[in-house]
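S.K.: One structure follows; several queries about it will come next.
The values are calculated or read from the model by the stated rules, or taken from the named source; none is laboratory data. Please read these numbers as outputs of a predicted model, since none were measured by experiment. Every residue, glycine among them, receives a Cβ derived from its backbone with ideal geometry; neighbour counts consider all protein chains shown.
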2 protein chains.
Amino acid sequence: MIAYTGLNEQSHGWVVAESAFDARYLAKYETIFCQGNGYMGLRAAHEESYPGERRNLFVAGTYNRFGVQEVTELPNAADMIQLDIRLNGRPFHLEKGKLLQYRRELDLRKGELKREMLWEDEQGEWFKLSFRRFVSLYDRHLIGQRVEITPLKHDADISIRSSINGQLTNSGAQHFIEGDRRVFDKELIQYTATTTETGIVFVHTLAHQLLENGVRIEAAPAPSMERRKVSLTYKRKVAAGKTLTLDKLASMHTSLDLEWESLDALHLQQAARHHLRKAEELGYCGQFRKHEEAWQAFWNESSIEMDSQDAFDQLAIRFAQYHLVLMTPAHDSRFSVGAKGLTGEGYKGHVFWDTEVFILPYFLYTHPEIARNLVTYRYHTLNGARSKARDNGYEGAMYPWESALTGEEETPEWGPVDIVTGTPTYIWTGKIEQHITADVAYGVWHYYQATSDQAYMDQYGYEILFETATFWASRLEWNDEKGQYHITDVIGPDEYKEHVANNAFTNYMAYWNITKAMACMKQLREADSQVYQRLNEKLGLAERLKVWEEKSALIYLPKPDETTKIIPQDDTYLMKQVIDLSKYRNQEQVASILNDYSMTQLSDIQVSKQADILVLFYLLEDWFTKETKAANWHYYEPKTLHDSSLSLSTHSMLASDVAESELAYEMFQKACQIDLGTNMHSSDEGIHTASIGGIWKAAVMGFGGVRSWEGALRLNPRLPEAWERLSYPLAWQGERLRVTITKQEMKIERLNPDSVQKPIRMTIHGKAYELVDQMLSISLEGGDLA
Amino acid sequence: MIAYTGLNEQSHGWVVAESAFDARYLAKYETIFCQGNGYMGLRAAHEESYPGERRNLFVAGTYNRFGVQEVTELPNAADMIQLDIRLNGRPFHLEKGKLLQYRRELDLRKGELKREMLWEDEQGEWFKLSFRRFVSLYDRHLIGQRVEITPLKHDADISIRSSINGQLTNSGAQHFIEGDRRVFDKELIQYTATTTETGIVFVHTLAHQLLENGVRIEAAPAPSMERRKVSLTYKRKVAAGKTLTLDKLASMHTSLDLEWESLDALHLQQAARHHLRKAEELGYCGQFRKHEEAWQAFWNESSIEMDSQDAFDQLAIRFAQYHLVLMTPAHDSRFSVGAKGLTGEGYKGHVFWDTEVFILPYFLYTHPEIARNLVTYRYHTLNGARSKARDNGYEGAMYPWESALTGEEETPEWGPVDIVTGTPTYIWTGKIEQHITADVAYGVWHYYQATSDQAYMDQYGYEILFETATFWASRLEWNDEKGQYHITDVIGPDEYKEHVANNAFTNYMAYWNITKAMACMKQLREADSQVYQRLNEKLGLAERLKVWEEKSALIYLPKPDETTKIIPQDDTYLMKQVIDLSKYRNQEQVASILNDYSMTQLSDIQVSKQADILVLFYLLEDWFTKETKAANWHYYEPKTLHDSSLSLSTHSMLASDVAESELAYEMFQKACQIDLGTNMHSSDEGIHTASIGGIWKAAVMGFGGVRSWEGALRLNPRLPEAWERLSYPLAWQGERLRVTITKQEMKIERLNPDSVQKPIRMTIHGKAYELVDQMLSISLEGGDLA
C-alpha cells in the first residue's frame, strides 16, 4: 500500500494536503476535501473523470424518494465541475503520461481547494496545470472554479469542454425529471431538473470567461446538448509559455429556497440567470475575495487554538470546525445535519441522534443562533413523530431514528448481506432504537439551559418536551413480577445488541424525559402562563401529569453494583460470554467482526459496537459518581470495538471526566484519525459528522472542561500532557466569551464588552466564580483538579 | 491521432481485431465487438472500468419510459461482466503500468470475443491475462465469461470481485426498481429488478467456478451487497507460472419472455436458478462448444463468399451477417429491429422504416421465417398505428416514425442544440415523415411476393395493406387550382428538407399503396373469400374501394423532365440555391453542415442528407427507365452529403442498376466503412443496422443482382472489377438456393434437392429461365448485361 502521503502536512495548521495522486483513494479525498456552506456540499471529485469517482453535489433538505420501496434521500444534483480537457487532441488525465509534480491542498482558512501539477504527456510535451475552486461562504448559491493551463515546451491546441451534466444518479437511483437545457449569449448554459416525487425544481446555471495571460478573450465556444446535459467546448491554440485560463461561476437554486418559494420554473430560471449575471460583475477573483473575507470573519470569531506537542491536533480541530460549517444548514430551520452532512451518499442525508448529542453542543456553545435552528427542526418534524407514535400504537411523539423533511421514519428496512443466510440483514433501528425520542428532548433542554431562550421554549420547546414524555409514558411496560415499569425489545446506543430489555441508557433517559416534562409543566401551571393554557387546550396537560407522576416513580433504573460499581448495560449483557476481541479491536476495517459473526451470534457475546452507558454519564453527569463512571469506563471499553464513529470522542471526554487525561488524549487523537487518518476508505461514503462534532466535544468539553447543568456553567479544564495552552470561544446566555487555559492559569474574557453586562456566574473545578468585568483570571497551579 | 490499428486485420476474413489499447475509442469497439443473439445484446465494455465506457446489456422488446416527458426505450439491464481485479492489492487496468502485448479480437465464425495481454504492473511484476466471452446462440438466455490470470515472475495475491451491478442507467435515466439481491450456495448470486412503468421483471443470475491450472477449487468467496448490487470476491495466492481461472455463466430472464409469461418474480427467480444450474452441468467449455456449433450451423447455411482483390470486402459482408443475427429478435414476433439493434442507446431501441427497406430484404431472401416475424410485428402494432391516425385526424393506420412495443408514435420531441437559438431543435419526423406508412405496406407485399405466404396475408397482411391505403386516401389534399391530390408539409427520406410539398417518394409510394390495396381487394372480392367477408365486416371495404379509385387516379405524381429526365424531389427543391458542398462531403464528422447552418437555413439550399428519390427507384424499379435512374443519380448524388447511414448502400445498389459497377463498388466500400472504418466515433451510440442491412443489399441485390417484381425472381448480376466470384444463399418461394457468380458463369443450385420440386422460374438479365433439376448453369460471357 502506498503511503498516505501529505495528509498530515501543514501550513501553520491550516492546510490539509495530498502530495501524490493515487486513483485508489479518490473517495477519501473527495470527502475530506469537500467544500460547502450548509446550503450545498460539493465533493472534491477531480475535474477529469476516473472510474470509481463519486461526483456529488447535494443541496440541504431537497429530499426525494426513488420509487415507493426506497427511502427518501438527498438527490445528487447535476455536475458543473467536470471538464473534458484535451491537449493536442489527447485527453488529459493522470494515469497517462508522467506526473512530474503534484500537489492538492485544501486551505481551511479560506475554504479553497487547489491542485497544481506539472505533467508530461505521452508525446513528451510538458504542461503546467492549475485548478482552484470554492463554494462561496459569501453567496451560498455560488460555486467558483478556475483552470489554468500553460504549455511549456511547444505551442499546443487546448480544448476544454465544460458541462452541466444531469446524467448522474445516487448509486443508480435517478431523482430528476429532465427539464430545459439552454445556451444563453454564447457563454452561459442552464439546465433545469425536477425531483420525481417531491417536485423540487433545481436550476443549474454556469457562466464562463476565457482569458489568455490574464486578458479576456472574445470566445465562441461550440454548444452541444445530450440527454440531461448541455456543454460548451472552448478551443484555442496557445503559445508555449502562455497561460490559458477558464473561469467558471456556477449557481445552484432550487424551488425549496425560501427566497424563491413562489416562483415557477421559468421565473426561477430567470432569477438564477439574473443572480449569476450580477455575480459575474465581480468575476472569479472578486467573488473569491468576498468568500475569503467571509471565512476570515468566521475564523476571527470562532478560532480554537492550542499549543500542542503534536501539531496535528491544531489541524484536526480546525478541520472539524471547517466541516461543521459545511454540514450545517444554518440558513434554514426546516433542515438539520445529516450523518454524512452534504459530503456523500452515506445514510442518505438522514438526521440521527448524532445531531442532538454530538453536533448541537458545538453550536450551543459557539453559535447559539444556529443551535436554535437545529432544535427548531425537531418542531417542524413533530407531526411526523406524532404519526410514528400513532403507527406504532403509542401516544405523543416518537421521533424517527432516521429523519428527513417530514419527521416520518426514514430508516431503510434492509442492510448489508448476512454472511450466514446470503440475504440482506433486516435493519431494526427504525423500529426499536427508541432512545432518539429522549435525545431530542434533551437537545431542546440543553439549548434552553445554555441560552435561556424563553421564546423558543414557549413556541416550540415545551410542546416537544411534553409530547416526548407522553410517548415514554405510553411506551413503558408494567412488569407485574417486579412491580416496575420496564422497557423491553429495544436497541440502545450500542447497536451490536438488538432486542434487549432495560437498556440502562434508554430507561434513564426515558425517566429523565418524563420527570423533566413534569417539572416544566408544574412550573408553567404555577405561573398560570398563556403557554400553559395554549398547550393544555391543545394537548390536555392536566391528565398527563398524573400519569407521569405515577409511572415515573416506578420506572426500573438499573443501579451500580455495590462492590464493582458496574451498571448493567441491559438485563442480560453481563451474563453473556466474554471472548478475545483483539482480532477486531484497532482494525482498519470497521465492523470486521461481522465477517465472522452474524448479528444474531453477536447477541450472545459481551461485545459493544460503541459507547453506550458512557453517553448517559455525559448527558446526566450529576446522576452518577466519578467512581461509577471510572469503573464502567474500564469495564466496558475493553469490550468495545469502536465500530461506530460516535465512540472514541465519548470515551475521550469521559476519560477527562474521571481525570484520566492521558487516556483521554489517546482517544482524542484516535477520534481525529477517523476521517483524517490513514484508513483510506473510512470516509468513502462521506464525513462522519458526529465524529467531527465529537472532536470539538473531546477538546473543548473534555480538555477544556465546558459543561452546564441545569443552567449553571461549569469549567473543569484538564489539559493533556502534550498541550501547553488551549483557547476557545464560548457563548453563554447571550454573552460571547473567550477562554484561555494553560497549565498555570485560566482566563475568561468577555468579547462583547460594550453590551449591557450582567455578572456571569460559573463554577471552576467546583468553586463558584463571577465574571463581572471584562476578564476573570484564575490560577490553576496547585489547585485540586479532582 | 493513433492509427486505427488492427481493425482491418483478418484471420481468413473471419476476425476483426484491435491490436492496441486506446481509451479514446472505447465506444467504437464496444459497438462493433458487441455480442448477442437477437434476445439480448452485450456491448463489449472491458472487464475493468474506464471513464466514458458504455456498459450496456439490452433485452429485445423490454421497453420502459422514465417519466411521462420522455420516450420509451430499451432499458440497460444490470451488468454481469465487470470485474474488479486486484493484483497484489493494486487494481488492474491498462492506463497504468506497461502493456507489453495486447490483442483483442472478435471471431465472427464463433461469436467469441477474446482479449490477451502481457502486462507489467508499476512494481515490475509481469502478468499474463486472458479474457473470453460469448453470448450464447445455443441458449439465448446465457452469457459465458472466462478470465485467466498467470503471474509470470513471482507468486501473487490475486483478488477478483464479480458483481451483478444494477446501478447502471440509460444516460442517467434509471428504468428499474431495485428488487431482491441474494447469494445462493456461496457461488451463485442473483439480482432482480422491475421496470418502473411497464413492470417487466428482470432476473439476473450469475454462477462462478474457480480453477487453478484447470482444477476446480473449493472457494469461499466473500459476499457483499450495496445498493442495486451484489458481489462475490475471490482471493487467492497464485504461484508464479500457475494460472488462476474464473469461469462465469450468467443468465438473463425477463417476465416478458414467452416461456415465463405466467410466472411471478419469485417463481421466475427459481426458474432462472434452475436453468443456470442445468447450464452449469456443461461448464463454460461445454456451453461454449454448444454456442460454437450453433454459429457453425448458421455459417454453413448462410455464408456469402467472394474472391475480391480487397480481402476487406469478405470480412465486411461477414461482419454484416454477424450483426444481422445480433440485431434481430428472431424468437419473437412482438419485437422488431431497432435502428441501433441491441448495441447501444442510440435511437432508444426504436424501429424505423430501416427495418422494411434495409433489413427485411436480407431475411426475405435468406431466412424467410424470420422475415415473417418482422412483418408480423407490424400487425401487432396496427392498433397503435390506428390510434396515431385518429389522433392526427386521419383514417386507417398511420404507422409511427419510431415504433416500440405498441405502435404508438415514440419519436422524441426535442433534439440537438440549434446553433442559432441555443435551444434544442424540434424533431418533426414523428409528425410529418409519413412515408413510413407506405414503407410498412411495401414490406408486407415484398414478403408476400418472395414467399407466397398466403396464410400470413390472410391473417395479417391484407388488413395492413387496406388500413394503410385508407390512411393515404384520407391524407390526400385536394388542390383546386391543379385539379389534383397533393401531399404537402411532409419530410421525405431526405431529412434535410422539412415541410416540403409533393415529395416524389411520398406521393409515388402513397399511390402505390392505394392502388396495390385496390388490386388486392378486387381479387379477394372476386374470389368471394372468407378473408374478404371478415375484413369487409370489420373495416367496411366496399365503401373504401370507391374512394380509392376516385382519388388514386388524381394523385399528383411528378414526372421526369422530358429533356433532363430529372424528377423534382419535391415542389421547390430544384429552385433552391446550389452551393459548394465540398467542405461537408466525405467528412469524418457526420452532419458537419449543421455547425454552419440551422435546419431552417438548410431548407433553402439544394443539399440532401441522404438518398431520396433513389430509394423510390429501388422499391418501384419497373416504374422508371434506366435513363431516368442514371440522370437522377448523377444530379442528386453530388448534392447529397450521405449524412445518413442509409445513403451509401442505396447509391451503390442504384449504381449497379444503371451499370455503373465501379461507382457502385466505390460506394459499397464506403458503406462498409460506416461502422468498420477509421471514423472512431461514428458507432459510439451503436451499430448502424440499416447500413449493415445495406451492405448485404449492395452486395447481393446490387452486385449479385437479386430482385423480384410482382412475384417474379430476377437475377441481374454485375460483379465489380475487383471481384472474381460471388456466392450467396437465396431463399425463394420456400426453396433454398445457392447462387455462384463468376465473370464467366452463373450457377444456381438447389440446396434441398429432396424436397418436392417444382420448377423455379426466373429472368436473368431479362431472359427467362427455369431451374428444374438441381442446378442451372448460365454463361455470362459475351452476354448483353444491359
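S.K.: Of A:385, A:404, which residue is modelled with pLDDT of 95 or more, crowded, with 20+ Cβ neighbours inside 10 Å and over 25 Å from residue A:544 (Cβ atoms)?
M.R.: Residue meeting the stated conditions: A:404.
S.K.: Under the condition of being β-branched (Val, Ile, Thr) and in contact with a Gly (Cβ under 9 Å, 6 or more places away or on another chain), which residue from the stretch A:414-436 is nearest to the other protein chains (Cβ to nearest Cβ)?
M.R.: A:425
S.K.: While we're looking at this one, here's another question. Might you let me know whether the stretch B:198-217 holds any residue that is within 11 Å of chain A (Cβ to nearest Cβ) and modelled with pLDDT under 95?
M.R.: To start, the set of residues in the stretch B:198-217 that are within 11 Å of chain A (Cβ to nearest Cβ) comprises none.
Among the residues of the stretch B:198-217, not one is within 11 Å of chain A (Cβ to nearest Cβ) and modelled with pLDDT under 95, which makes the answer no.
S.K.: Give me the residue from the stretch B:94-125 that is part of a strand (DSSP E or B) and among the aliphatic types (A, V, I, L, M) and, out of that set, farthest from the other protein chains (Cβ to nearest Cβ).
M.R.: The extreme case among them is B:106.
S.K.: Could you check the stretch A:385-477 for helices (runs of 4 or more DSSP H) lying wholly inside it with 1 or more residues that are in contact with a Lys or Arg (Cβ under 7 Å, 6 or more places away or on another chain) and under 24 Å from residue A:713 (Cα atoms)? Steps first, answer last, please.
M.R.: Values: elements: A:429-432, A:436-451, A:462-475.
Counting at least 1 such residues, we get A:436-451, A:462-475.
S.K.: Quick check: is even one residue across the stretch A:136-159 within 14 Å of chain B (Cβ to nearest Cβ) and part of a strand (DSSP E or B)? Reasoning before the result, please.
M.R.: Going residue by residue through the stretch A:136-159, those that are within 14 Å of chain B (Cβ to nearest Cβ) are A:157, A:159.
Keeping just the survivors that are part of a strand (DSSP E or B) gives A:157, A:159.
Yes; the residues of the stretch A:136-159 include at least one that is within 14 Å of chain B (Cβ to nearest Cβ) and part of a strand (DSSP E or B).
S.K.: Still on this model: May I ask you to list the residues in the stretch A:167-197 that are of a type outside the set (Ser, Thr, Tyr), within 36 Å of the chain's Cα centre (by Cα) and more than 10 Å from every other protein chain (Cβ to nearest Cβ)? Explain how you work it out, then say what you get.
M.R.: If we filter the stretch A:167-197 for residues that are of a type outside the set (Ser, Thr, Tyr), which is where we start, we get A:167-168, A:170, A:172-190, A:193, A:197.
When the remaining residues are screened for being within 36 Å of the chain's Cα centre (by Cα), the result is A:167-168, A:170, A:172-182, A:188-190, A:193, A:197.
Passing the criteria: only A:197.
S.K.: Right, next: Restricting to the stretch B:93-109, count the residues that are touching a Leu at 6+ places or on another chain (Cβ under 9 Å) and under 30 Å from residue B:299 (Cβ atoms).
M.R.: 7
S.K.: Then there is this: Out of the stretch B:591-608, which residues are part of a loop (DSSP other than H, G, I, E, B) and surrounded by 18 or more Cβ atoms within 10 Å (Cβ to Cβ)?
M.R.: Passing the criteria: B:597, B:606, B:607.
S.K.: Is it the case, given these coordinates, that residue A:647 is crowded, with 19+ Cβ neighbours inside 10 Å and either out of contact with any helix residue (DSSP H, G or I) (no Cβ under 8 Å at 6 or more places or on another chain) or closer than 30 Å to residue A:24 by Cβ (or both)?
M.R.: Considered against the rule, which asks whether it is crowded, with 19+ Cβ neighbours inside 10 Å and either out of contact with any helix residue (DSSP H, G or I) (no Cβ under 8 Å at 6 or more places or on another chain) or closer than 30 Å to residue A:24 by Cβ (or both), residue A:647 comes out as yes.
S.K.: Further question: Can you find a residue in the stretch B:442-459 that is within 30 Å of residue A:192 (Cα to Cα) and of a type in the set (Ser, Thr, Tyr)?
M.R.: no
S.K.: May I pose another question? Quick one: count up the residues across the stretch A:220-270 that are under 23 Å from residue A:79 (Cα atoms) and small (Gly, Ala, Ser).
M.R.: The qualifying residues number 8.
S.K.: Taking the stretch A:24-58, which residues are among the hydrophobic types (A, V, I, L, M, F, W, C) and either assigned to a loop (DSSP other than H, G, I, E, B) or within 11 Å of chain B (Cβ to nearest Cβ) (or both)?
M.R.: Those that are among the hydrophobic types (A, V, I, L, M, F, W, C) and either assigned to a loop (DSSP other than H, G, I, E, B) or within 11 Å of chain B (Cβ to nearest Cβ) (or both): A:33, A:34, A:44, A:45.
S.K.: Looking at (1) within 14 Å of chain B (Cβ to nearest Cβ); (2) aliphatic (A, V, I, L, M); (3) surrounded by fewer than 24 Cβ atoms within 10 Å (Cβ to Cβ), which is the only condition residue A:164 fails?
M.R.: For residue A:164, the exception is condition (3).
S.K.: Please determine whether any residue of the stretch B:321-330 is surrounded by fewer than 22 Cβ atoms within 10 Å (Cβ to Cβ), assigned to a helix (DSSP H, G or I), free of Cβ contacts under 8 Å to residues at least 40 places away in the same chain and not charged (D, E, K, R).
M.R.: Taking every residue of the stretch B:321-330 in turn, none turns out to be surrounded by fewer than 22 Cβ atoms within 10 Å (Cβ to Cβ), assigned to a helix (DSSP H, G or I), free of Cβ contacts under 8 Å to residues at least 40 places away in the same chain and not charged (D, E, K, R).
Residues are listed down the side, and each one gets a yes or a no for (1) surrounded by 21 or more Cβ atoms within 10 Å (Cβ to Cβ); (2) charged (D, E, K, R); (3) touching a Ser or Thr at 6+ places or on another chain (Cβ under 6 Å); (4) at pLDDT 95 or above:
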| position | (1), (2), (3), (4) |
| --- | --- |
| B:110 | no, yes, no, yes |
| B:119 | yes, no, no, yes |
| B:124 | no, no, no, yes |
| B:128 | no, yes, yes, yes |
| B:172 | no, no, no, yes |
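S.K.: Which one of these does residue B:186 not meet: (1) modelled with pLDDT under 95; (2) surrounded by fewer than 19 Cβ atoms within 10 Å (Cβ to Cβ); (3) in a strand (DSSP E or B); (4) not hydrophobic (A, V, I, L, M, F, W, C)?
M.R.: (3) is the only condition that residue B:186 fails.
S.K.: If the requirement is being over 25 Å from residue B:737 (Cα atoms), at pLDDT below 95, aliphatic (A, V, I, L, M) and outside the structural domain of residue B:677 (by TED's automatic domain parsing), which of these qualifies: B:263, B:268, B:244? Steps first, answer last, please.
M.R.: Working: B:268 fails: at pLDDT below 95; B:244 fails: at pLDDT below 95.
Going through B:263, B:268, B:244 in turn, the sole match is B:263.
S.K.: Take the residues of the stretch A:218-266 that are outside any strand (DSSP E or B) and within 14 Å of chain B (Cβ to nearest Cβ): which is farthest from the chain's Cα centre (by Cα)? Walk me through how you get there before you give the answer.
M.R.: Here is the first cut: in the stretch A:218-266, the ones outside any strand (DSSP E or B) are A:218-221, A:227-228, A:239-243, A:255-266.
From what is left, the residues that are within 14 Å of chain B (Cβ to nearest Cβ) are A:220-221, A:227-228, A:265-266.
Working: A:220: 43, A:221: 40, A:227: 34, A:228: 31, A:265: 31, A:266: 34 Å.
The selected residue is A:220.
S.K.: In the stretch B:539-560, which residues are without any contact (Cβ under 8 Å) to a residue 60 or more places away in the chain and closer than 16 Å to residue B:462 by Cα?
M.R.: B:540, B:542, B:545
S.K.: What residue, among those in the stretch B:62-76 that are of a type outside the set (Val, Ile, Thr), assigned to a loop (DSSP other than H, G, I, E, B) and away from chain A (no Cβ under 12 Å), is surrounded by the fewest Cβ atoms within 10 Å (Cβ to Cβ)?
M.R.: For the stretch B:62-76, the residue satisfying everything is B:63.
S.K.: Still on this structure, I have one more. Return the residues of the stretch A:719-734 that are crowded, with 19+ Cβ neighbours inside 10 Å and hydroxyl-bearing (Ser, Thr, Tyr); say none if nothing qualifies.
M.R.: Within the stretch A:719-734, A:728 is the sole residue that qualifies.
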